[in-house]
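Below is one structure, written out as C-alpha cells, with a few remarks after it.
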Amino acid sequence: MSNYEVIVIGAGSVGVPTAMAVAEQGIKVLVIDQNASAGQGENKHAIGGIRATHSSPGKILTALRSLEIFSTWQEKTGEDIEWLQGGYLFPVYRKEEEDILKGILPVQKEYGLNIDYVGPEKVKEILPGINEEGLRGGTFSPEDGSASPLLAINAFYRRAVTNGAEFRFGLKVDGVSCENGKVTGVVAGGDVYKAPMVVDTAGPFSATVCGSIGLKIPVYSDSHEAAITEPVKNFFRCMVVDLRPGPGSKNFYFYQNRRGQVVFCITPDPPILGTDKRETSVFLPQVSQRMVSLLPRLKNLRVRRVWRGLYPMTPDGSPIVGWNRDVKGLLHATGMCGQGFMLGPGIGELVARMIAGETTENDEVVLKEFSPYREFAGQEALK
Ligand SMILES: Cc1cc2nc3c(=O)[nH]c(=O)nc-3n(C[C@H](O)[C@H](O)[C@H](O)COP(=O)(O)OP(=O)(O)OC[C@H]3O[C@@H](n4cnc5c(N)ncnc54)[C@H](O)[C@@H]3O)c2cc1C
C-alpha cells in the first residue's frame, strides 16, 4: 500500500476535521473507517449542540476555536451547515446549581467566554413560557449555538478531500503496527498501510484499537438517547440545559433547530454502560415529562424519531489528546464524552499543529489538561 505521512483511524467527529486540518498543511494523510461514509459512528447521533460554556481552560479554548469554525463556515465556503447562534441557557431553580454555575464563571470569563449570570426576568425573555415557579435566574452565553452534525461532517469531509486527504471506507483497522517502539502504520483488511504517524480518533473503539498493541487507554462507552419532533414555527433560539437531577436521570437539554424541530437528550443516572444502541421505552416518557414541566408549551409537539448512541467516556469527563510515550508516532485524540461534535474542529487543528511541531502557548494549556498521562482524578463540572 502506498506510503502516507499520517493515518487517521476513524472518520468521525474528530477524525474528519483532523484530516481536513492536517491535509491543509500539505501533509499526505489517509483516513480509514469501517463504515460506509463519514460520520456514521457517533457523529450522526449528536444533537448538534456547540458550546464553549465549559468549566476548564482546555475545553473552553478548544471549543472557542470550534465555534469560530462552525459559525463562519457558511461565510467562508458558501455551504450551509444550519449554524444557529442561539446561545446556551442554563436556567436555575436551586441554590446547588446556582453555586456550581456562579463558581465557574471566573474561569469562563478569564478564558474569553462571553457569559453572564442573569436574573429571572431575562431568563423569561430568552425562553418565553419557561416555568416561573422558583426560577432564580441562570447563565446565558449568547455566542454558543448549534449546527447539523450531518451537514457539518459532510462539509468537513469535502474540504478534507479538496485539501488532498484520502479516505478508505468500509475498511476495519484490525490493529496498529509498530516496530522497535515506533509506529509503522496500521493493518486493515489483510493489508498493511504504512505511515510514521497514526492518529487514534476511533472514539468508543479506541480501547480496542490501542489494545491491539497492548496499550491500555481509559476510554469506555455509555449510551444516551435523543429524539426529534415534527417541525413547528420557531419559538425559541437557545439550547436549554437543566442541570437538576430527576428520577433516573441527571441533566437534560433541548433546542429548536433551524428547521423548527425540537431536538432533545437526557443523561441517564446511573449511566448505561456498554455499546447497546437499541432504543428503550424509558427514555421518551422520562425526558418529555421533565421538558414539559420546564417549558409547558412543548406539550403538544409530536415526536418523529428516537435514537440511541454512545459517548466515548473517560474517567474524569475530559478528552484524551496527546502523543503516546511508549509507542513513538502514535497520537491519541479520543474520549470526547458528550462533546466530540463541538470539540472536533478545534481538536483537529490542534492535532495538525502537534504533527507539524507548531504548538502554541494555549495549546500547551490544553494538552496538559487533556494529557493521556494525567491523574484522571476529579470531574469536569459540565461534562
Ligand atoms: C444522543 C447523543 C447526543 C449527543 N449530542 C452531542 C452534542 O449536542 N454536541 C456534541 O458535541 N456532542 C454530542 N454527542 C457526543 C458526540 O456524538 C461524540 O462525542 C462524538 O461523536 C465522538 O466523536 P469521535 O470522533 O470520537 O467518535 P465517532 O464520531 O464515533 O468516530 C469514530 C469513528 O471511528 C470509526 N472506527 C472505530 N473503530 C474503527 C476500526 N477499528 N476501524 C475503522 N474504523 C473504526 C467508527 O466507525 C467511527 O466512524 C452526543 C452523543 C449522543 C449519543
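Residues in region 338-362 that are open to solvent by less than 10 Å² (accessible area, probe 1.4 Å) and more than 6 Å from the ligand (Cβ to nearest atom): Leu343, Gly344, Pro345, Gly346, Ile347, Gly348, Leu350, Val351, Ala352. Taking the criterion of being within 13 Å of the ligand (Cβ to nearest atom), in a strand (DSSP E or B) and either of a type in the set (A, V, I, L, M) or within 15 Å of Arg325 (Cβ to Cβ) (or both), the residues of region 169-183 that qualify are Val173, Val176. For region 100-125, a tally of residues being in contact (Cβ under 8 Å) with a residue 24 or more places away in the chain and open to solvent by less than 30 Å² (accessible area, probe 1.4 Å) returns 7. The condition (being within 15 Å of the ligand (Cβ to nearest atom), in contact with a strand residue (DSSP E or B) (Cβ under 9 Å, 6 or more places away or on another chain), open to solvent by 60 Å² or more (accessible area, probe 1.4 Å) and over 18 Å from Trp323 (Cα atoms)) is satisfied by just one residue among Val282, Val241: Val282.
Do we find that Glu143 is in contact with a Pro (Cβ under 9 Å, 6 or more places away or on another chain) and either touching a residue at least 12 places away in the same chain (Cβ under 8 Å) or open to solvent by less than 50 Å² (accessible area, probe 1.4 Å) (or both) in this structure? I'd like the intermediate steps shown before the answer.
Numbers: in contact with a Pro (Cβ under 9 Å, 6 or more places away or on another chain): no; either touching a residue at least 12 places away in the same chain (Cβ under 8 Å) or open to solvent by less than 50 Å² (accessible area, probe 1.4 Å) (or both): yes.
Answer is no for this residue.
Of all positions in region 69-91, none carries a residue that is out of contact with any Phe, Trp or Tyr (no Cβ under 6 Å at 6 or more places or on another chain), within 11 Å of the ligand (Cβ to nearest atom) and among the aliphatic types (A, V, I, L, M). From the list Gln40, Gln34, the one residue that fits, being near the ligand (Cβ under 8 Å from one of its atoms), within 19 Å of the chain's Cα centre (by Cα), of a type in the set (S, T, N, Q) and open to solvent by 10 Å² or more (accessible area, probe 1.4 Å), is Gln40.
The values are calculated or read from the model by the stated rules, or taken from the named source; none is laboratory data. Keep in mind it's a predicted model, so treat the numbers as computed, not measured. Every residue, glycine as well, gets a Cβ built from its backbone with ideal geometry; the counts of neighbours run over all protein chains shown. Please note that ligands, DNA and RNA were not included when accessible areas were found on the heavy atoms of the full protein model with its side chains. Shrake-Rupley method; radii C 1.70, N 1.55, O 1.52, S 1.80 Å.
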